[in-house]
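A quick write-up on the structure given underneath.
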Amino acid sequence: MKLSSSESWEVEPGELVCWRAVPGGAAARSSAPVSENERFHLASLASGQPGWMALTLDFPEQIDADVLGEVVATVIARHDALRSHYVQAEDGVTRLVHPGVDVKEEHRETAEGLSSQEFAVKLIESISATCNPFEPMPHFLAAVTRPGGTTLICAFDHCYVDARSLAVVSTEICELLAGRELEPAESGLAALSVVAEGEASVTADDPRLGAWGQFLAATGWTVPEFPLDLGVAVGDSLPVHTMVRTLLSGDDAATFSSTVHRRGARTYPAVLTCAAMAVNAAGGPDEIATVVPTGAGAGPGCVSWSVGNAPLRISATGDLYAAMHRNTRRLSAALPLAEIGLTPVYAAFGDRLRPGRSDVFMMSYVDYTRLPMARGDVDVRQISSQKPTDTAQWWFWRDRDGIHVRVRHPHTERAVAVLGDTLDTMQALVDSVIDPVLAADAG
């Protein structure tokens, strides 16, 4: 899996085939409550902010479009979250679920005279017009076939999927194309119900709530924002820009992991430590406050947006390995704080919070090597929709090809310079972990 963004997306033109998912059977109100992530997201959609995620699979061979349509229909029908949509009711937003789905071909056309970038812009316009979660089955499903390959595009509003879900979908598509049967799907809506039950059990004396209070007090009662000046005034948002780098190759990532493990650290907090120390070297604080997304309630074959948010202060000074060890312990202590959800946090501390940036400084990590993976010769990508931003957000991911980072930030000259230098420093810190090992091996 590779992470990208819509502003830099390119798709080689060919014959475009589009399908439409049509509900089957009468819709029923779901017993799974609308999660806080979904509520916040739907509110941002109402203010005109797009929020879709596209999965693309580039196959090295031309695949019959009718076969692809059948595979896509099977995947959509398997997952209850993908058969749902939202309606505005008197008691707030609620979710309806259809028992079945039929995927029908809408149209075919040949993209002529368009560059790869222009063709992607056309697809983005169609995706943005289609992915309305207040309509039944609002998924953009299409394929581009060419003599030398095929690109399959499945785009969903973020309410339906997260990064882990897209990995599941990509693997199921490849398995079905190979003629293999799939295990019964897990219920994504059941996973959301489990999360809601955990949130509802939170009491005022819950120690996890107290830990949230300590975190917010340490940040001055503001939600975390990237601690370096990116040239954006508070209250302003600017078009987004994306930086993507590979920090470690597949072999070097294994060396990095084994090295930090021997020092009592784990890979994710070790990567966060290198990032935090790079921010500190650029003038940031000794403690970097951020929010890290976590898995919540979902099993390995589950498709839904089932993500929690954990508050984390990353130690960014001193000996590198000591900080990695310290941050490993901090991350372990922070992860349970995501289980209570943000609703009890806002209820307890909302009156103390001070306004700040509109976006939250987050640092995410997904290890795709621990998830079902598509076949090795298929290029799989996650494309995120573009919207204005006022802070930086970092996504780290690991796949067969190594450990990578995507940084999305407001497009200013200062942000490009500051974040470019910060990534250079981070790369040097990462290299300082593996270079002695590689030199010793060579010797």
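The values are calculated or read from the model by the stated rules, or taken from the named source; none is laboratory data. As the structure is a prediction and not an experimental result, all values here were calculated from the model. Cβ coordinates were reconstructed from backbone atoms using ideal geometry, including for glycine residues, and neighbour counts include every protein chain displayed. Surface accessibility is based on the protein's heavy atoms, side chains included, excluding ligands, DNA and RNA. Shrake-Rupley method; radii C 1.70, N 1.55, O 1.52, S 1.80 Å.
Summary table below
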quantity	calculated
Estimated Rh, the chain: Kirkwood, alpha-carbon pairs, angstrom	22.9
Label point distance in nm, Glu61-Ala27, each placed 7 Å from Cα along Cα→Cβ	4.0
Spin-label zone in region 216-247 - amide nitrogen under 17 Å from a point set 7 Å from the Cα of Ala417 along the C-beta vector	228-233
Loop sites in region 170-258: GluC sites (Glu not before Pro), DSSP, at most 16 other Cβ within 10 Å	Glu181
Whole-number percent relative contact order across the chain, with pairs defined as alpha carbons under 8 Å at least 6 apart	25
For the chain, with +1 on Lys and Arg beta carbons and -1 on Asp and Glu, the positive-most of Leu192, Thr343, Met243 along the dipole	Thr343
In Å², nearest 10: area of Tyr365 left accessible to a 1.4 Å probe	40
For region 2-192: Kirkwood Rh in Å [reciprocal of mean 1/r, alpha carbons]	17.3
Estimated 222 nm signal from helices in the chain, with DSSP H stretches of n ≥ 4 weighted -39500 (n - 2.57), rounded to 500	-11500 deg cm²/dmol
Where only C-alpha atoms are counted, convex hull volume of region 287-402 per residue in Å³	157
Rounded percent of accessible protein surface that carbon and sulfur make up, region 2-192, 1.4 Å probe	49
q = 0.13 Å⁻¹, region 222-362: log10 I(q)/I(0) [Debye, one scatterer per Cα]	-0.72
The chain - accessible surface per residue (Å², probe 1.4 Å)	41
Separation between Cα centres of region 308-362 and region 23-42, rounded to whole Å	28
Region 80-191: Rg to Rh, with Rh as the Kirkwood radius over Cα pairs	1.00
Net dipole in debye of region 276-341 [+1 Lys, Arg Cβ; -1 Asp, Glu Cβ; about Cα centre; nearest 20]	80
Dipole in debye (nearest 20) - the chain, about Cα centre, beta carbon charges: Lys, Arg +1; Asp, Glu -1	1100
The chain: most fluctuating residue of Val405, Val292, Val67 per GNM, C-alpha cutoff 10 Å	Val67
